[in-house]
Amino acid sequence: MPRASKLLPSLGHASSGAAGTVISTLLTYPLDLVNTRLKVQRQLRLDSSLSEEECYRSIFDAFFKIYRTEGGLSAFFAGLSTDILKSAADSFLFFLFYTWFRARRLVGRHPDLPYLRVIEELAVGAAAGACAKLFTTPVSNVVTKRQTASLLDRSPSSSPTRRPAQKGFWEVVREIQAEKGGVLGLWAGYSASLVLTLNPSLTFFLQAILKRLLVDRKKWDDPGSGITFLLAAMSKVGATAVTYPFQIGKARLQMGHKSSKGEGEKEKRGGIFTTVARIRREEGVRALYDGIGGELLKGFFNHGTTMLTKDVVHGVIIKLYWIVAGFLVQWPALRRILVQRMRKRNEKGGWQLVGRGVLADLVKGGRIGASMMQT
């Protein structure tokens with residue numbers, strides 16, 4: 001049977017990737033919320049918006065304080081629905097653009113060389129990430145705002161055990177617009193997102209390298225669930241370690257707050273490189289790695305779960321595809337249309353909808369072998 005990556009169009013990869021991301025987001029969201037707060041609490045402490053006692057000393061201290069002061073387990077899921085929407089859209093669009101860009105780039109290459117050069121792989125990943133983030137940055141701003149709401153809304157007179165009221169999606173959108181000066185404020189941090197597009201491209205590049213080094217070539221198509229999880233998780237950890245300072249800068253650009261020093265919203269303007277340079281100059285290199293332990297832990301489980309689930313869903317979509325194709329070819333008119341389209345695609349040298357053997361089966365009798373159905 002032909003390789004799965006040649007059987008599904010970009011839409012299939014995008015759907016399976018989005019499904020995997022939703023599941024991994026549900027499993028790791030509490031850790032993501034804690035990580036976001038660890039990224040921004042140093043700035044709030046310097047602005048005197050947080051006292052020393054209110055700051056989190058570690059991941060475990062953050063979990064304990066949030067549970068004790070913000071209403072128990074439900075506090076760890078503030079903004080979950082919005083983040084699921086953002087994560088699913090982000091993943092769907094990334095895999096859609098990534099698979100399409102990569103397939104376009106591979107057209108014309110030798111069939112025995114089913115991979116791109118290093119610089120091409122990174123460029124494809126970066127381009128796909130940039131396109132996806134253009135659509136999802138506003139939602140990402142809302143997620144960051146909701147995750148840090150309890151920190152930003154604290155005041156000396158507030159009760160330490162008061163559970164902050166959760167603001168609605170559109171209420172947060174209007175708040176961001178008011179703070180950032182209009183609709184374009186919803187894209188605050190997009191410059192950081194452009195830099196961070198290197199993260200997924202580095203991740204997939206490292207995953208490909210690890211697969212070539214650690215997995216036998218005969219098992220590249222299906223290395224197994226355990227190996228798939230470990231390769232994806234380790235590659236994500238490596239990519240996150242390289243790009244983490246820019247995640248710190250992005251979180252601060254997106255947070256937006258009013259300093260308790262009475263300066264109002266006097267944000268220090270500038271792009272992501274200016275922000276990272278300022279943090280390093282004023283707060284030291286260590287500030288660029290606040291909470292990196294939690295982020296690496298989250299990346300390990302999140303991306304590993306995403307890719308493992310994606311492969312499972314990918315396989316289900318392939319089976320459904322063969323089932324649907326088997327039913328469609330029972331009707332002569334639909335069979336003629338399908339065969340004509342496949343012939344045109346084969347003549348153009350583009351992506352093949354099905355393998356040559358399957359094409360012959362369709363023409364002869366519309367039967368699909370049981371071995372294909374079980375793959």
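So here's what we get for this one:
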item: Candidate residues Leu106, Leu116, Leu320: accessible-area rank, largest first, probe 1.4 Å; result: Leu320, Leu106, Leu116
item: Shape box of the range 198-239 [Cα atoms, principal axes, largest first, Å]; result: 29, 16, 13
item: Dipole magnitude (debye, nearest 20) for the range 8-129, charges at Cβ of Lys, Arg, Asp, Glu; result: 340 debye
item: Ranked packing of 12-19, 121-128, most packed first, by mean Cβ within 10 Å; result: 12-19, 121-128
item: Whole-Hz couplings from phi, Karplus 6.51/-1.76/1.60, listed for the range 130-139; x for Gly and Pro; result: 5, 5, 5, 5, 4, 8, 9, 4, x, 5
item: Sequence of Tyr321, Tyr244, Tyr67 from largest to smallest accessible area, 1.4 Å probe; result: Tyr67, Tyr321, Tyr244
item: Rg and Dmax [Cα atoms of the range 288-330; Å; Rg one decimal, Dmax integer]; result: 18.5, 61
item: Heavy atoms of Phe101 accessible to a 1.4 Å probe, total area in Å² rounded to 10; result: 50 Å²
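The values are calculated or read from the model by the stated rules, or taken from the named source; none is laboratory data. Bear in mind that the values here come from a model prediction, so they are computed numbers and not experimental data. Virtual Cβ from ideal backbone geometry, glycine too; neighbours counted across all protein chains shown. Calculation scope for accessible area: heavy atoms of the full protein, side chains included, ligands and nucleic acids excluded. Shrake-Rupley method; radii C 1.70, N 1.55, O 1.52, S 1.80 Å.
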